[in-house]
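Heads up: the structure comes next, in structure tokens.
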């Protein structure tokens with residue numbers, strides 16, 4: 001069966017790790033998007049204040065199955 005997928009990009013944050021930042025993005029997306037399929041981390045960065053890491057950030061590309069209007 002042929003399929004079509006939508007793709008969105010989100011940025012998740014965490015004060016603990018990049019892994020938790022990516023997970024935060026997926027958890028939040030799952031609240032409003034159905035049938036999530038793949039999460040690809042496409043960028044990671046840090047927020048630094050006074051020489052200390054304050055925040056981990058992950059840009060995540062998420063794909064989910066497209067739901068056609070005509071069934």
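Some values worked out for this structure:
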{"item": "Criterion violated by residue 34 - all others in (1) at pLDDT below 95; (2) under 13 Å from the mean Cα position of the chain (by Cα) satisfied", "result": "(2)"}
{"item": "All positions within the range 2-57 that are touching a residue at least 40 places away in the same chain (Cβ under 8 Å) and not in a strand (DSSP E or B)", "result": "3, 4, 15, 16, 18"}
{"item": "Count - residues of the range 44-71 that are in contact with a strand residue (DSSP E or B) (Cβ under 6 Å, 6 or more places away or on another chain) and more than 14 Å from residue 8 (Cα to Cα)", "result": "9"}
{"item": "Check on residue 41, loosely packed, with under 11 Cβ neighbours inside 10 Å and in contact with a strand residue (DSSP E or B) (Cβ under 6 Å, 6 or more places away or on another chain)", "result": "no"}
{"item": "Test for residue 6: is it farther than 17 Å from residue 54 by Cβ, surrounded by 11 or more Cβ atoms within 10 Å (Cβ to Cβ) and in contact with a strand residue (DSSP E or B) (Cβ under 7 Å, 6 or more places away or on another chain)", "result": "yes"}
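The rows are residues; the columns are (1) modelled with pLDDT of 95 or more; (2) surrounded by 14 or more Cβ atoms within 10 Å (Cβ to Cβ).
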residue	(1), (2)
11	yes, yes
18	yes, yes
24	yes, yes
27	yes, no
70	no, no
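The values are calculated or read from the model by the stated rules, or taken from the named source; none is laboratory data. What you see is a predicted model, and the numbers here were worked out from it, not measured in a lab. Neighbour counts run over all protein chains shown; Cβ positions are idealised from the backbone, glycine included.
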